[in-house]
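To keep things clear, I will list the structure first and then write my remarks on it.
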Amino acid sequence: MSVELLEAATVPAYLAAHPGLAGGVDPATAEVREVGDGNLNLVFIARDAAGASVVLKQSLPYVRTDHSWAVPQDRILAEARGYEAAARTSPGSTPRFFGLDAERRLIAIEDLSSWTVWRTALNEGRITPGAGADLGRYVARLAFGTSAFGLPAAAVREAAAGALNVELCRITEDLVFTEPFTDHEHNGWDDGVTPAVLALREPAVLAEVAELKWRFLTAAEGRIHGDLHTGSVFVAPDSPVQEAVVAKAFDLEFGVYGPIAFDLGALFGNVLLAQARAVALDRPAAFQQWVGGLVGETWGAFETELRRLWPQRVDPAFTDGFLEAWLAETWRRAVGFGGVKAVRRIVGWAKVSDVQSLDLPAREHAAGAALTAARAWITERHGVADPAALDGLTGERIGAWR
Ligand code: SR1
Ligand code: MG
């Protein structure tokens, strides 16, 4: 059953009736805009005469562009749990969470509209120093603090059971791991990249994609963001005052207990898209070099933070030797997840502006280069020891696309 949806005109009255969700905004003078541009939600920004503002995000019962595609509104509960977990484990890594209205399927969060969605900044060729490192630390802290590294096993099992997000996971299972690798009506691409798309349907690729899907379905290691692409990240405005945190994750509705490598892979795969765009547009060398280093920056911060937290683990059964093996396996899985995440954004439903906003022939160049590199990430990841090796492989495959 769907719930009553807000409209810009009804938000002030809603805030007046729910002062705990108003984030300090005076409803009497609030002006409201609906700014949702994603696939699944209404997003309102309410700003009062004194300049205080708040974001209300309400789940739609359907996909914004296809009302026949129903999506349960209770995903907002997963998002609320995600914000609570982030606030506990990695304060400052997400917008502040003011609260949940479970009945109306909405949350109230800090307004970061003075920040920029990272995908937009990347598309514009803007360097945002430290963004990858902030996100690597966020993933590490969330992973440690919600898994059996940081919590007793019973608490982990209870949290995992309470974090089921079946329908949103189904979207990921279909749109990320299945549809782009087969014939499906959701798919589409420019003619020139057909060879690269068909190369993704070879048995060696499908076997690796199956292994990655199996991990997504079965590895409930810790709470994950679940959709940590560059469109789910805000970066701080350029300013002389250095922000303590320059990148914050939002849009946590795909949150679930899953493989920790999945969030890293989402970042890696979307960095690959930004890199392919930068190459196709022949962006300045400094930008290309910085984007090319983002996987290493993200992984490096993740690994360093996890090692920093390791002495605080609650169960001594997890030895130092186990940590080394787990990190190595997590790296290889993240590379594989990165490959499938890049592929889905080019071949499948929910394409992204990194590639789509380009005109031909640059669009084919970026798509073909990214797909070729993504295929290598998926099939060759077991032999890719570290970010430097991945960077070499990526450069080689991107350069090979003509
Ligand atoms: C039907 S939802 C499509 C996509 O939008 C979100 O950003 C997720 O990535 C999802 O796969
Ligand atoms: Mg989203």
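Just a few scattered comments:
- Within the option set L273, L252, being within 16 Å of ligand 1 (Cβ to nearest atom), part of a loop (DSSP other than H, G, I, E, B) and in the same structural domain as W377 (by TED's automatic domain parsing) holds for one residue only, L252.
- Residue match in region 135-147 (condition: closer than 30 Å to G51 by Cα, open to solvent by 60 Å² or more (accessible area, probe 1.4 Å) and of a type in the set (S, T, Y)): no
- As a summary of the residue check, V43 satisfies the conditions (1) hydrophobic (A, V, I, L, M, F, W, C); (2) over 19 Å from D227 (Cβ atoms); (3) in contact with a Gly (Cβ under 8 Å, 6 or more places away or on another chain) except for the one numbered (2).
- Subset of region 246-272 (residues that are touching a His at 6+ places or on another chain (Cβ under 9 Å) and open to solvent by 10 Å² or more (accessible area, probe 1.4 Å)): D251, F254
- Residue pairs meeting the criteria (Cβ under 6 Å; at least 6 apart or on separate chains; first under 18 Å from T89 (Cα atoms), in region 215-233; second within 16 Å of ligand 2 (Cβ to nearest atom) and in a helix (DSSP H, G or I)): I224/F262; I224/D263; H225/D263; L228/D263; L228/A266; L228/L267; V233/W118
- Whichever residue in region 11-54 is free of Cβ contacts under 8 Å to residues at least 12 places away in the same chain and away from ligand 2 (no atom under 16 Å from the Cβ) and, among such residues, is farthest from the chain's Cα centre (by Cα): A17
Yes or no, residue by residue, for (1) surrounded by fewer than 21 Cβ atoms within 10 Å (Cβ to Cβ); (2) within 16 Å of ligand 2 (Cβ to nearest atom); (3) in a loop (DSSP other than H, G, I, E, B):
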{"position": "L200", "(1), (2), (3)": "no, no, no"}
{"position": "L206", "(1), (2), (3)": "yes, no, no"}
{"position": "R215", "(1), (2), (3)": "yes, no, no"}
{"position": "L228", "(1), (2), (3)": "no, yes, yes"}
{"position": "F234", "(1), (2), (3)": "no, yes, no"}
{"position": "D238", "(1), (2), (3)": "yes, no, yes"}
{"position": "A244", "(1), (2), (3)": "yes, no, yes"}
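- Helices (runs of 4 or more DSSP H) lying entirely in region 331-402 (those with 3 or more residues that are closer than 23 Å to A204 by Cα and assigned by TED's automatic domain parsing to the domain that holds D263): 362-380, 387-400
- Looking only at residues in region 271-315 that are touching a residue at least 24 places away in the same chain (Cβ under 8 Å) and among the basic types (K, R), the one that is farthest from I260 (Cα to Cα) is R283.
- Test result for L390, crowded, with 22+ Cβ neighbours inside 10 Å, over 20 Å from the mean Cα position of the chain (by Cα) and not hydroxyl-bearing (S, T, Y): yes
- Among residues that are part of a loop (DSSP other than H, G, I, E, B), open to solvent by 50 Å² or more (accessible area, probe 1.4 Å), closer than 18 Å to A102 by Cβ and more than 16 Å from ligand 2 (Cβ to nearest atom), E4 is included.
- The strands (runs of 3 or more DSSP E) falling completely within region 20-121 that include 3 or more residues that are surrounded by fewer than 19 Cβ atoms within 10 Å (Cβ to Cβ) and within 16 Å of ligand 1 (Cβ to nearest atom) map to 66-70.
- Within region 321-332, none of the residues are in contact with a Gly (Cβ under 8 Å, 6 or more places away or on another chain) and either touching a residue at least 24 places away in the same chain (Cβ under 8 Å) or not hydroxyl-bearing (S, T, Y) (or both).
- Exactly one residue among A370, A317, A325 is modelled with pLDDT of 95 or more, on the phi < 0 side of the Ramachandran plot and open to solvent by less than 10 Å² (accessible area, probe 1.4 Å), and that residue is A370.
- Among residues of region 219-243, those that are of a type in the set (S, T, N, Q) and modelled with pLDDT of 95 or more, counted: 2
- Some residue of region 137-157 being under 20 Å from A350 (Cα atoms) and either basic (K, R) or out of contact with any strand residue (DSSP E or B) (no Cβ under 7 Å at 6 or more places or on another chain) (or both): no
The values are calculated or read from the model by the stated rules, or taken from the named source; none is laboratory data. Given the structure is predicted, the values throughout are model-derived calculations rather than measurements. For neighbour counting, all protein chains shown are included, and Cβ atoms are generated from backbone atoms with ideal geometry for every residue, glycine included. Quick note on the areas: whole protein, heavy atoms, side chains included, nothing else; ligands and nucleic acids left out. Shrake-Rupley method; radii C 1.70, N 1.55, O 1.52, S 1.80 Å.
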